[in-house]
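Here is the structure we will look at.
The values are calculated or read from the model by the stated rules, or taken from the named source; none is laboratory data. Please read all numbers here as calculations on a predicted model, not as lab measurements. All Cβ positions, glycine included, derive from the backbone under ideal geometry; neighbour counts span all protein chains shown.
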(Lines give C-alpha, C1' and ligand atoms only; values in the text may rest on other atoms or scores of the structure.)
Protein backbone atom coordinates (compact mmCIF):
# COMPACT_ATOMS: atom_id res chain seq x y z
CA UNK A 1 0.00 0.00 0.00
CA UNK A 2 1.42 3.39 -0.95
CA UNK A 3 1.70 6.31 1.49
CA UNK A 4 -0.89 9.08 1.30
CA UNK A 5 -0.08 12.06 -0.88
CA UNK A 6 0.63 15.34 0.90
CA UNK A 7 -2.31 17.05 -0.89
CA UNK A 8 -4.65 14.45 0.55
CA UNK A 9 -3.39 15.21 4.03
CA UNK A 10 -4.02 18.95 3.52
CA UNK A 11 -7.67 18.20 2.70
CA UNK A 12 -8.46 16.87 6.16
CA UNK A 13 -11.40 18.77 7.70
CA UNK A 14 -10.75 21.47 10.29
CA UNK A 15 -12.03 20.89 13.83
CA UNK A 16 -13.90 23.53 15.85
CA UNK A 17 -11.91 25.28 18.51
CA UNK A 18 -13.09 24.36 22.02
CA UNK A 19 -14.08 27.96 22.79
CA UNK A 20 -16.14 28.16 19.62
CA UNK A 21 -17.94 24.94 20.49
CA UNK A 22 -19.16 26.45 23.74
CA UNK A 23 -20.47 29.60 22.09
CA UNK A 24 -24.26 30.04 22.54
CA UNK A 25 -26.22 31.21 19.49
CA UNK A 26 -29.12 33.47 20.50
CA UNK A 27 -32.29 33.46 18.34
CA UNK A 28 -33.38 37.10 18.17
CA UNK A 29 -36.60 36.30 16.25
CA UNK A 30 -37.98 33.92 18.86
CA UNK A 31 -38.75 30.25 18.62
CA UNK A 32 -41.80 29.07 16.69
CA UNK A 33 -43.72 26.53 18.71
CA UNK A 34 -44.33 23.22 16.99
CA UNK A 35 -47.81 21.78 16.85
CA UNK A 36 -48.50 19.82 19.96
CA UNK A 37 -49.75 16.28 19.76
CA UNK A 38 -51.86 17.08 22.79
CA UNK A 39 -54.15 19.44 20.78
CA UNK A 40 -57.80 18.40 20.70
CA UNK A 41 -58.71 16.64 17.41
CA UNK A 42 -60.90 18.59 15.04
CA UNK A 43 -64.51 17.47 15.26
CA UNK A 44 -66.00 16.48 11.90
CA UNK A 45 -69.77 16.37 11.69
CA UNK A 46 -70.88 13.75 9.15
CA UNK A 47 -74.51 13.58 8.12
CA UNK A 48 -76.27 11.43 5.56
CA UNK A 49 -79.97 12.03 5.01
CA UNK A 50 -80.26 9.62 2.08
CA UNK A 51 -82.57 6.61 2.00
CA UNK A 52 -80.56 4.90 -0.77
CA UNK A 53 -77.23 5.26 -2.53
CA UNK A 54 -75.41 4.11 -5.66
CA UNK A 55 -71.61 4.06 -5.55
CA UNK A 56 -70.40 2.11 -8.60
CA UNK A 57 -68.74 5.21 -10.12
CA UNK A 58 -64.98 5.53 -9.63
CA UNK A 59 -64.89 9.30 -10.13
CA UNK A 60 -67.21 12.31 -10.31
CA UNK A 61 -70.77 11.78 -11.53
CA UNK A 62 -71.14 14.47 -14.19
CA UNK A 63 -74.56 13.62 -15.64
CA UNK A 64 -77.93 12.33 -14.47
CA UNK A 65 -81.22 11.65 -16.29
CA UNK A 66 -84.63 10.25 -15.33
CA UNK A 67 -86.96 8.14 -17.47
CA UNK A 68 -90.10 10.14 -18.38
CA UNK A 69 -92.67 7.38 -17.78
CA UNK A 70 -90.79 5.23 -15.24
CA UNK A 71 -89.26 7.84 -12.91
CA UNK A 72 -87.64 5.15 -10.76
CA UNK A 73 -85.22 4.47 -13.66
CA UNK A 74 -82.15 6.70 -13.30
CA UNK A 75 -79.15 6.98 -15.61
CA UNK A 76 -75.85 8.48 -14.46
CA UNK A 77 -72.57 9.13 -16.25
CA UNK A 78 -68.97 9.98 -15.46
CA UNK A 79 -65.52 8.50 -15.98
CA UNK A 80 -63.72 5.40 -14.79
CA UNK A 81 -61.04 7.31 -12.91
CA UNK A 82 -59.07 10.52 -12.53
CA UNK A 83 -56.63 10.01 -15.43
CA UNK A 84 -56.81 12.17 -18.55
CA UNK A 85 -57.20 9.13 -20.80
CA UNK A 86 -59.79 7.36 -18.65
CA UNK A 87 -62.80 6.03 -20.58
CA UNK A 88 -66.31 7.20 -19.83
CA UNK A 89 -68.71 4.97 -17.99
CA UNK A 90 -72.37 5.23 -17.02
CA UNK A 91 -75.02 3.15 -15.32
CA UNK A 92 -78.77 2.69 -15.17
CA UNK A 93 -80.32 1.68 -11.85
CA UNK A 94 -83.77 1.44 -10.30
CA UNK A 95 -84.78 3.39 -7.19
CA UNK A 96 -88.09 1.54 -6.75
CA UNK A 97 -86.77 -0.52 -3.77
CA UNK A 98 -87.01 2.73 -1.83
CA UNK A 99 -90.78 2.95 -2.35
CA UNK A 100 -92.78 2.25 0.79
CA UNK A 101 -89.86 2.54 3.19
CA UNK A 102 -90.24 4.76 6.27
CA UNK A 103 -89.14 8.32 5.58
CA UNK A 104 -86.15 8.10 7.91
CA UNK A 105 -82.73 9.41 6.92
CA UNK A 106 -79.55 7.38 7.23
CA UNK A 107 -78.52 9.65 10.12
CA UNK A 108 -81.68 8.74 12.09
CA UNK A 109 -80.91 7.40 15.55
CA UNK A 110 -83.69 5.85 17.62
CA UNK A 111 -81.43 5.81 20.67
CA UNK A 112 -79.29 8.97 20.94
CA UNK A 113 -76.83 7.13 23.20
CA UNK A 114 -76.41 4.24 20.79
CA UNK A 115 -74.80 3.86 17.36
CA UNK A 116 -76.31 5.44 14.27
CA UNK A 117 -78.84 3.15 12.65
CA UNK A 118 -78.05 2.51 8.98
CA UNK A 119 -81.14 3.06 6.88
CA UNK A 120 -79.72 3.67 3.42
CA UNK A 121 -80.21 0.98 0.73
CA UNK A 122 -77.39 0.11 -1.66
CA UNK A 123 -78.68 0.18 -5.24
CA UNK A 124 -77.27 -2.12 -7.95
CA UNK A 125 -76.76 -1.34 -11.67
CA UNK A 126 -79.20 -2.74 -14.23
CA UNK A 127 -77.13 -1.71 -17.24
CA UNK A 128 -73.68 -0.28 -17.98
CA UNK A 129 -73.24 2.55 -20.48
CA UNK A 130 -69.88 2.11 -22.19
CA UNK A 131 -68.19 2.77 -25.51
CA UNK A 132 -66.97 6.28 -24.63
CA UNK A 133 -63.21 6.90 -24.61
CA UNK A 134 -63.59 9.97 -22.39
CA UNK A 135 -65.99 11.10 -19.66
CA UNK A 136 -69.75 10.95 -20.15
CA UNK A 137 -70.87 14.47 -19.24
CA UNK A 138 -74.47 14.56 -20.46
CA UNK A 139 -77.40 12.11 -20.64
CA UNK A 140 -81.02 12.25 -21.79
CA UNK A 141 -84.00 9.95 -22.27
CA UNK A 142 -85.95 10.78 -25.41
CA UNK A 143 -89.52 12.04 -25.18
CA UNK A 144 -92.35 11.23 -24.85
CA UNK A 145 -91.91 7.59 -23.78
CA UNK A 146 -88.20 7.25 -23.12
CA UNK A 147 -87.67 4.83 -25.98
CA UNK A 148 -83.98 5.70 -26.16
CA UNK A 149 -81.28 6.65 -23.69
CA UNK A 150 -78.71 8.98 -25.27
CA UNK A 151 -75.23 9.69 -23.88
CA UNK A 152 -72.81 12.44 -24.89
CA UNK A 153 -69.13 12.48 -24.02
CA UNK A 154 -65.98 14.55 -23.99
CA UNK A 155 -64.82 12.23 -26.78
CA UNK A 156 -67.43 13.81 -29.08
CA UNK A 157 -69.46 10.63 -29.30
CA UNK A 158 -73.24 10.54 -29.22
CA UNK A 159 -74.42 7.03 -28.36
CA UNK A 160 -78.01 5.78 -28.23
CA UNK A 161 -79.50 2.74 -26.49
CA UNK A 162 -82.93 1.25 -27.09
CA UNK A 163 -84.95 1.05 -23.86
CA UNK A 164 -87.70 -1.59 -23.80
CA UNK A 165 -90.19 -2.15 -20.98
CA UNK A 166 -92.03 -5.45 -20.70
CA UNK A 167 -95.53 -5.98 -19.31
CA UNK A 168 -94.17 -5.67 -15.75
CA UNK A 169 -92.19 -2.52 -16.66
CA UNK A 170 -88.91 -4.41 -16.34
CA UNK A 171 -86.41 -2.58 -18.56
CA UNK A 172 -83.94 -3.96 -21.07
CA UNK A 173 -81.29 -2.05 -23.01
CA UNK A 174 -79.62 -2.55 -26.38
CA UNK A 175 -77.10 -0.45 -28.25
CA UNK A 176 -78.81 1.36 -31.14
CA UNK A 177 -76.04 3.37 -32.80
CA UNK A 178 -73.61 6.25 -32.45
CA UNK A 179 -72.44 9.41 -34.19
CA UNK A 180 -69.28 11.46 -33.81
CA UNK A 181 -69.32 14.84 -35.53
CA UNK A 182 -67.86 17.12 -32.83
CA UNK A 183 -64.77 17.31 -30.55
CA UNK A 184 -66.79 17.34 -27.29
CA UNK A 185 -70.49 17.16 -26.47
CA UNK A 186 -71.38 19.81 -23.87
CA UNK A 187 -75.12 19.19 -23.39
CA UNK A 188 -78.14 17.23 -24.62
CA UNK A 189 -81.80 18.31 -24.65
CA UNK A 190 -84.71 16.08 -25.75
CA UNK A 191 -87.33 17.74 -27.95
CA UNK A 192 -90.70 18.10 -26.18
CA UNK A 193 -92.74 18.13 -29.43
CA UNK A 194 -93.95 14.71 -28.41
CA UNK A 195 -96.46 13.96 -31.17
CA UNK A 196 -94.83 15.51 -34.19
CA UNK A 197 -91.18 14.76 -33.43
CA UNK A 198 -90.67 11.93 -30.91
CA UNK A 199 -87.17 10.74 -30.05
CA UNK A 200 -85.45 13.93 -31.23
CA UNK A 201 -82.50 15.37 -29.28
CA UNK A 202 -80.37 18.48 -29.66
CA UNK A 203 -76.75 18.84 -28.61
CA UNK A 204 -74.25 21.67 -28.24
CA UNK A 205 -70.55 21.15 -28.82
CA UNK A 206 -67.22 22.59 -27.72
CA UNK A 207 -66.59 23.92 -31.24
CA UNK A 208 -69.78 26.03 -31.05
CA UNK A 209 -71.84 23.85 -33.35
CA UNK A 210 -75.43 22.79 -32.64
CA UNK A 211 -76.89 19.52 -33.92
CA UNK A 212 -80.39 18.04 -33.95
CA UNK A 213 -80.75 14.27 -34.28
CA UNK A 214 -83.73 12.00 -34.86
CA UNK A 215 -83.06 8.69 -33.07
CA UNK A 216 -84.86 6.16 -35.26
CA UNK A 217 -82.92 3.04 -34.23
CA UNK A 218 -81.51 0.21 -36.33
CA UNK A 219 -84.96 -1.41 -36.67
CA UNK A 220 -86.13 1.55 -38.75
CA UNK A 221 -82.89 2.31 -40.60
CA UNK A 222 -79.97 -0.10 -40.06
CA UNK A 223 -77.63 2.12 -42.07
CA UNK A 224 -78.49 5.37 -40.23
CA UNK A 225 -80.02 4.78 -36.79
CA UNK A 226 -79.11 8.35 -35.73
CA UNK A 227 -80.25 10.77 -38.42
CA UNK A 228 -79.10 14.41 -38.57
CA UNK A 229 -82.08 16.75 -38.82
CA UNK A 230 -80.21 20.07 -38.61
CA UNK A 231 -76.72 21.39 -37.90
CA UNK A 232 -75.86 25.01 -37.15
CA UNK A 233 -72.50 26.80 -37.08
CA UNK A 234 -73.09 30.45 -36.10
CA UNK A 235 -71.60 30.37 -32.58
CA UNK A 236 -67.88 31.24 -32.60
CA UNK A 237 -67.17 29.86 -29.11
CA UNK A 238 -68.19 26.71 -27.23
CA UNK A 239 -71.95 26.21 -27.08
CA UNK A 240 -72.59 26.15 -23.34
CA UNK A 241 -76.35 25.55 -22.98
CA UNK A 242 -79.53 24.94 -24.93
CA UNK A 243 -83.27 24.75 -24.28
CA UNK A 244 -86.34 23.94 -26.40
CA UNK A 245 -89.51 25.95 -26.35
CA UNK A 246 -92.26 23.92 -24.63
CA UNK A 247 -93.97 23.19 -27.96
CA UNK A 248 -90.69 21.99 -29.50
CA UNK A 249 -90.87 24.53 -32.34
CA UNK A 250 -87.79 26.57 -31.36
CA UNK A 251 -84.37 25.77 -29.91
CA UNK A 252 -82.46 28.47 -27.99
CA UNK A 253 -78.68 28.13 -27.58
CA UNK A 254 -75.98 30.30 -26.01
CA UNK A 255 -72.20 30.40 -26.18
CA UNK A 256 -69.09 31.55 -24.38
CA UNK A 257 -68.77 34.13 -27.17
CA UNK A 258 -71.83 35.90 -25.70
CA UNK A 259 -74.20 35.04 -28.54
CA UNK A 260 -77.83 33.85 -28.43
CA UNK A 261 -79.50 32.11 -31.35
CA UNK A 262 -83.06 30.81 -31.39
CA UNK A 263 -83.25 28.26 -34.18
CA UNK A 264 -86.31 27.65 -36.36
CA UNK A 265 -85.65 23.90 -36.37
CA UNK A 266 -88.71 22.77 -38.32
CA UNK A 267 -89.06 25.80 -40.62
CA UNK A 268 -92.35 26.90 -39.06
CA UNK A 269 -91.27 30.51 -38.56
CA UNK A 270 -89.83 30.72 -42.07
CA UNK A 271 -93.11 29.46 -43.52
CA UNK A 272 -94.89 32.27 -41.69
CA UNK A 273 -92.40 34.97 -42.62
CA UNK A 274 -91.00 35.28 -39.10
CA UNK A 275 -87.45 33.99 -39.64
CA UNK A 276 -84.37 36.20 -39.80
CA UNK A 277 -82.62 36.90 -43.09
CA UNK A 278 -80.34 33.89 -42.56
CA UNK A 279 -83.40 31.63 -42.82
CA UNK A 280 -82.30 29.66 -39.74
CA UNK A 281 -83.16 31.75 -36.70
CA UNK A 282 -85.91 33.89 -35.22
CA UNK A 283 -83.46 35.58 -32.82
CA UNK A 284 -79.78 36.37 -33.54
CA UNK A 285 -78.02 38.45 -30.87
CA UNK A 286 -74.27 38.82 -30.39
CA UNK A 287 -71.90 41.09 -28.49
CA UNK A 288 -71.83 43.43 -31.48
CA UNK A 289 -75.06 44.76 -30.01
CA UNK A 290 -73.73 46.57 -26.94
CA UNK A 291 -77.12 46.38 -25.25
CA UNK A 292 -76.81 42.59 -25.26
CA UNK A 293 -73.07 42.22 -24.56
CA UNK A 294 -72.18 40.31 -21.38
CA UNK A 295 -68.56 40.26 -20.18
CA UNK A 296 -67.49 36.66 -19.68
CA UNK A 297 -70.00 35.10 -22.08
CA UNK A 298 -73.29 33.24 -21.60
CA UNK A 299 -73.70 29.94 -19.74
CA UNK A 300 -77.39 29.30 -19.13
CA UNK A 301 -80.68 29.58 -21.01
CA UNK A 302 -84.36 28.85 -20.38
CA UNK A 303 -87.53 29.43 -22.39
CA UNK A 304 -90.70 30.79 -20.82
CA UNK A 305 -93.48 28.12 -20.54
CA UNK A 306 -95.69 30.30 -22.78
CA UNK A 307 -92.90 30.61 -25.39
CA UNK A 308 -93.16 34.39 -25.05
CA UNK A 309 -89.51 35.05 -24.24
CA UNK A 310 -86.15 33.48 -23.46
CA UNK A 311 -83.87 34.17 -20.50
CA UNK A 312 -80.08 33.92 -20.79
CA UNK A 313 -77.51 34.18 -17.97
CA UNK A 314 -73.80 34.86 -18.00
CA UNK A 315 -70.77 36.46 -16.42
CA UNK A 316 -71.01 38.97 -13.61
CA UNK A 317 -74.56 37.96 -12.69
CA UNK A 318 -76.08 39.36 -15.89
CA UNK A 319 -79.46 38.09 -17.10
CA UNK A 320 -81.05 39.22 -20.37
CA UNK A 321 -84.70 38.67 -21.27
CA UNK A 322 -85.38 38.50 -25.02
CA UNK A 323 -88.75 38.35 -26.75
CA UNK A 324 -89.79 35.51 -29.05
CA UNK A 325 -92.18 35.75 -32.01
CA UNK A 326 -95.61 34.19 -31.65
CA UNK A 327 -95.81 31.27 -34.06
CA UNK A 328 -99.50 30.63 -33.40
CA UNK A 329 -101.40 27.47 -32.59
CA UNK A 330 -100.12 24.12 -33.81
CA UNK A 331 -96.64 25.58 -34.01
CA UNK A 332 -94.90 22.25 -33.59
CA UNK A 333 -95.92 21.00 -37.03
CA UNK A 334 -98.59 18.50 -36.10
CA UNK A 335 -98.21 18.70 -32.33
CA UNK A 336 -101.21 21.07 -32.18
CA UNK A 337 -99.94 22.80 -29.06
CA UNK A 338 -102.24 25.56 -27.90
CA UNK A 339 -100.48 28.44 -26.13
CA UNK A 340 -101.76 29.33 -22.69
CA UNK A 341 -104.34 32.13 -22.69
CA UNK A 342 -102.95 35.25 -20.97
CA UNK A 343 -104.28 35.86 -17.50
CA UNK A 344 -105.84 39.17 -16.55
CA UNK A 345 -103.01 39.85 -14.14
CA UNK A 346 -100.31 39.54 -16.79
CA UNK A 347 -98.40 42.78 -17.14
CA UNK A 348 -96.17 44.12 -19.86
CA UNK A 349 -93.25 41.84 -19.00
CA UNK A 350 -95.01 38.68 -20.17
CA UNK A 351 -97.14 40.30 -22.83
CA UNK A 352 -94.33 42.00 -24.68
CA UNK A 353 -92.64 38.73 -25.61
CA UNK A 354 -94.96 38.06 -28.50
CA UNK A 355 -94.63 41.52 -29.98
CA UNK A 356 -91.27 41.19 -31.69
CA UNK A 357 -88.68 38.42 -31.76
CA UNK A 358 -85.26 39.58 -30.64
CA UNK A 359 -86.43 42.57 -28.58
CA UNK A 360 -84.51 42.91 -25.31
CA UNK A 361 -87.25 43.14 -22.71
CA UNK A 362 -85.19 43.35 -19.52
CA UNK A 363 -81.61 43.54 -18.27
CA UNK A 364 -81.34 42.05 -14.77
CA UNK A 365 -78.37 41.96 -12.39
CA UNK A 366 -79.12 41.08 -8.79
CA UNK A 367 -76.28 38.61 -8.27
CA UNK A 368 -72.55 39.32 -8.34
CA UNK A 369 -71.10 36.36 -10.25
CA UNK A 370 -71.86 34.09 -13.19
CA UNK A 371 -75.37 32.70 -13.71
CA UNK A 372 -74.96 28.93 -13.95
CA UNK A 373 -78.60 27.86 -14.06
CA UNK A 374 -82.06 29.24 -14.88
CA UNK A 375 -85.53 27.78 -14.38
CA UNK A 376 -89.08 28.96 -15.06
CA UNK A 377 -91.94 27.95 -12.79
CA UNK A 378 -94.77 25.97 -14.38
CA UNK A 379 -98.02 27.88 -15.13
CA UNK A 380 -99.93 29.54 -13.63
CA UNK A 381 -96.90 30.86 -11.73
CA UNK A 382 -94.82 33.55 -13.45
CA UNK A 383 -91.48 33.08 -11.67
CA UNK A 384 -87.93 32.85 -12.95
CA UNK A 385 -85.15 31.50 -10.69
CA UNK A 386 -81.42 32.02 -11.24
CA UNK A 387 -78.53 30.28 -9.48
CA UNK A 388 -75.14 31.98 -9.30
CA UNK A 389 -71.49 31.18 -8.70
CA UNK A 390 -71.72 33.58 -5.74
CA UNK A 391 -73.85 30.97 -3.91
CA UNK A 392 -77.12 32.88 -4.14
CA UNK A 393 -80.50 32.25 -5.78
CA UNK A 394 -82.52 35.13 -7.19
CA UNK A 395 -86.20 34.89 -8.08
CA UNK A 396 -87.98 37.29 -10.45
CA UNK A 397 -91.65 37.83 -11.25
CA UNK A 398 -92.01 37.91 -15.02
CA UNK A 399 -95.55 39.27 -14.79
CA UNK A 400 -94.42 42.37 -12.90
CA UNK A 401 -91.79 43.74 -15.24
CA UNK A 402 -89.35 41.08 -14.05
CA UNK A 403 -89.16 42.59 -10.57
CA UNK A 404 -86.91 40.79 -8.07
CA UNK A 405 -89.14 38.81 -5.72
CA UNK A 406 -86.48 37.10 -3.60
CA UNK A 407 -82.70 37.13 -3.28
CA UNK A 408 -81.58 34.15 -1.22
CA UNK A 409 -78.06 35.46 -0.67
CA UNK A 410 -76.80 32.54 1.43
CA UNK A 411 -78.69 29.83 -0.44
CA UNK A 412 -75.56 27.66 -0.66
CA UNK A 413 -73.15 29.35 1.74
CA UNK A 414 -71.06 31.14 -0.93
CA UNK A 415 -70.50 27.90 -2.88
CA UNK A 416 -71.57 27.84 -6.53
CA UNK A 417 -75.20 27.01 -7.20
CA UNK A 418 -75.12 24.29 -9.88
CA UNK A 419 -78.82 23.78 -10.60
CA UNK A 420 -82.20 25.27 -9.73
CA UNK A 421 -85.48 23.69 -10.82
CA UNK A 422 -89.09 24.28 -9.89
CA UNK A 423 -91.08 21.25 -8.82
CA UNK A 424 -93.32 20.68 -11.85
CA UNK A 425 -96.39 19.37 -10.02
CA UNK A 426 -97.74 18.49 -6.61
CA UNK A 427 -99.76 20.42 -4.08
CA UNK A 428 -97.53 23.52 -4.00
CA UNK A 429 -98.82 24.63 -7.42
CA UNK A 430 -95.47 25.81 -8.80
CA UNK A 431 -94.16 27.58 -5.71
CA UNK A 432 -91.52 25.01 -4.71
CA UNK A 433 -87.94 25.43 -5.96
CA UNK A 434 -85.15 22.86 -5.52
CA UNK A 435 -81.49 23.86 -5.65
CA UNK A 436 -78.11 22.16 -5.29
CA UNK A 437 -74.57 23.46 -5.03
CA UNK A 438 -70.91 22.78 -4.51
CA UNK A 439 -71.49 22.85 -0.75
CA UNK A 440 -72.85 19.32 -1.21
CA UNK A 441 -76.36 20.21 -0.03
CA UNK A 442 -79.78 19.99 -1.70
CA UNK A 443 -82.32 22.54 -0.49
CA UNK A 444 -85.97 23.24 -1.20
CA UNK A 445 -87.63 26.63 -1.00
CA UNK A 446 -91.27 27.67 -0.79
CA UNK A 447 -91.42 31.04 -2.54
CA UNK A 448 -94.85 32.10 -1.34
CA UNK A 449 -94.75 35.26 0.74
CA UNK A 450 -94.44 34.39 4.45
CA UNK A 451 -94.09 30.67 3.72
CA UNK A 452 -92.66 28.36 6.35
CA UNK A 453 -91.69 29.00 9.92
CA UNK A 454 -87.97 29.67 9.65
CA UNK A 455 -85.56 27.16 11.08
CA UNK A 456 -88.30 25.04 12.60
CA UNK A 457 -89.85 24.51 9.19
CA UNK A 458 -86.55 23.37 7.74
CA UNK A 459 -85.77 21.01 10.62
CA UNK A 460 -89.25 19.51 10.55
CA UNK A 461 -89.26 18.76 6.81
CA UNK A 462 -89.47 15.05 5.96
CA UNK A 463 -86.06 13.58 5.22
CA UNK A 464 -84.19 16.81 5.95
CA UNK A 465 -82.47 18.03 9.07
CA UNK A 466 -79.81 20.44 10.22
CA UNK A 467 -76.85 19.23 12.18
CA UNK A 468 -75.92 21.16 15.29
CA UNK A 469 -73.72 24.10 14.45
CA UNK A 470 -74.24 23.84 10.68
CA UNK A 471 -74.25 27.15 8.85
CA UNK A 472 -77.49 26.64 6.90
CA UNK A 473 -79.28 29.80 5.79
CA UNK A 474 -82.07 30.73 8.22
CA UNK A 475 -84.51 31.92 5.58
CA UNK A 476 -88.27 31.51 6.06
CA UNK A 477 -88.50 30.15 2.52
CA UNK A 478 -86.33 27.13 3.38
CA UNK A 479 -88.58 24.10 3.92
CA UNK A 480 -86.21 21.21 3.29
CA UNK A 481 -82.50 20.41 3.39
CA UNK A 482 -80.69 17.17 2.58
CA UNK A 483 -77.04 16.31 3.17
CA UNK A 484 -74.78 13.35 2.46
CA UNK A 485 -72.22 14.50 -0.12
CA UNK A 486 -68.87 15.81 1.09
CA UNK A 487 -69.13 19.34 -0.30
CA UNK A 488 -67.65 22.36 1.47
CA UNK A 489 -64.77 22.55 -0.99
CA UNK A 490 -63.78 18.90 -0.38
CA UNK A 491 -64.52 17.75 -3.94
CA UNK A 492 -67.98 16.52 -3.14
CA UNK A 493 -70.48 19.06 -4.40
CA UNK A 494 -73.76 18.15 -6.08
CA UNK A 495 -73.37 18.41 -9.87
CA UNK A 496 -77.02 17.81 -10.70
CA UNK A 497 -80.28 16.19 -9.61
CA UNK A 498 -83.60 14.87 -10.87
CA UNK A 499 -86.84 15.08 -8.90
CA UNK A 500 -89.64 13.66 -11.06
CA UNK A 501 -93.02 15.26 -11.62
CA UNK A 502 -93.89 15.88 -7.98
CA UNK A 503 -90.51 16.28 -6.29
CA UNK A 504 -91.20 13.52 -3.77
CA UNK A 505 -87.88 11.81 -4.45
CA UNK A 506 -84.63 13.67 -5.25
CA UNK A 507 -81.71 11.78 -6.80
CA UNK A 508 -78.34 13.54 -6.93
CA UNK A 509 -75.13 13.29 -8.96
CA UNK A 510 -72.16 13.84 -6.68
CA UNK A 511 -68.71 15.21 -7.44
CA UNK A 512 -67.57 12.67 -4.83
CA UNK A 513 -68.61 9.80 -7.14
CA UNK A 514 -71.73 8.87 -5.19
CA UNK A 515 -75.41 9.06 -6.17
CA UNK A 516 -77.81 9.63 -3.27
CA UNK A 517 -81.59 9.23 -3.06
CA UNK A 518 -83.51 11.54 -0.73
CA UNK A 519 -87.17 11.36 0.21
CA UNK A 520 -88.72 14.82 0.28
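Only one of (1) more than 26 Å from residue 383 (Cα to Cα); (2) crowded, with 22+ Cβ neighbours inside 10 Å; (3) in contact with a helix residue (DSSP H, G or I) (Cβ under 7 Å, 6 or more places away or on another chain) fails for residue 279. Which number is that?
The number of the failed condition is (2).
Among the residues of the stretch 186-220, count how many are in a strand (DSSP E or B) and either without any contact (Cβ under 8 Å) to a residue 12 or more places away in the chain or closer than 16 Å to residue 300 by Cα (or both).
Looking only at the stretch 186-220, we keep the residues that are in a strand (DSSP E or B), and these are 186-190, 200-205, 210-215.
After this cut, where a residue has to be either without any contact (Cβ under 8 Å) to a residue 12 or more places away in the chain or closer than 16 Å to residue 300 by Cα (or both) as well, the list is 186-189, 202-205, 210.
Total meeting the criteria: 9.
If a residue must be in a strand (DSSP E or B) and surrounded by fewer than 24 Cβ atoms within 10 Å (Cβ to Cβ), how many such residues does the stretch 503-516 contain?
Narrowing the stretch 503-516 to residues in a strand (DSSP E or B): 505-510, 515-516.
Next, from what is left, pick out any that are surrounded by fewer than 24 Cβ atoms within 10 Å (Cβ to Cβ): 505.
Residues that pass the stated criteria total 1.
Just give me the residues in the stretch 412-435 being over 16 Å from the mean Cα position of the chain (by Cα), part of a loop (DSSP other than H, G, I, E, B) and more than 27 Å from residue 315 (Cβ to Cβ), in sequence order.
The first filter runs over the stretch 412-435 and keeps only residues over 16 Å from the mean Cα position of the chain (by Cα), leaving 413-414, 424-432.
Still in the running and part of a loop (DSSP other than H, G, I, E, B): 413-414, 424-431.
Across the stretch 412-435, the qualifying residues are 424, 425, 426, 427, 428, 429, 430, 431.
Tally time: how many residues in the stretch 357-377 are exposed (fewer than 15 other Cβ atoms within 10 Å of the Cβ) and at pLDDT below 95? Spell out the reasoning first.
Just the residues of the stretch 357-377 that are exposed (fewer than 15 other Cβ atoms within 10 Å of the Cβ), to begin with: 360, 363, 365, 368.
This time we only want the ones that are at pLDDT below 95, so: none.
Qualifying residue count for the region: 0.
Does the stretch 416-425 contain any residue that is modelled with pLDDT under 95 and either within 21 Å of residue 240 (Cα to Cα) or out of contact with any strand residue (DSSP E or B) (no Cβ under 6 Å at 6 or more places or on another chain) (or both)?
The answer is yes; a qualifying residue exists.
Scan the stretch 61-87 for residues that are under 15 Å from residue 495 (Cβ atoms) and modelled with pLDDT under 95 and report the count.
Total meeting the criteria: 1.
Here is a check on your reading of the model: is residue 119 over 20 Å from residue 501 (Cα atoms), in a strand (DSSP E or B) and either at pLDDT 95 or above or over 20 Å from the mean Cα position of the chain (by Cα) (or both)?
Against the criterion (over 20 Å from residue 501 (Cα atoms), in a strand (DSSP E or B) and either at pLDDT 95 or above or over 20 Å from the mean Cα position of the chain (by Cα) (or both)), residue 119 does not qualify.
Looking at the stretch 384-411 only, could you name the residues that are part of a loop (DSSP other than H, G, I, E, B), touching a residue at least 60 places away in the same chain (Cβ under 8 Å) and crowded, with 18+ Cβ neighbours inside 10 Å?
Residues satisfying the conditions are 390, 398, 402, 411.
When the stretch 225-247 is examined, which residues are found to be part of a loop (DSSP other than H, G, I, E, B) and either without any contact (Cβ under 8 Å) to a residue 24 or more places away in the chain or closer than 27 Å to residue 375 by Cβ (or both)? Don't jump to the end; show me each part of the working.
If we filter the stretch 225-247 for residues that are part of a loop (DSSP other than H, G, I, E, B), which is where we start, we get 225, 233-238, 245-247.
Those that are part of a loop (DSSP other than H, G, I, E, B) and either without any contact (Cβ under 8 Å) to a residue 24 or more places away in the chain or closer than 27 Å to residue 375 by Cβ (or both): 234, 235, 237, 238, 245, 246, 247.
Going residue by residue through the stretch 214-236, is there one that turns out to be surrounded by fewer than 21 Cβ atoms within 10 Å (Cβ to Cβ) and within 21 Å of the chain's Cα centre (by Cα)?
No, the stretch 214-236 contains no residue that is surrounded by fewer than 21 Cβ atoms within 10 Å (Cβ to Cβ) and within 21 Å of the chain's Cα centre (by Cα).
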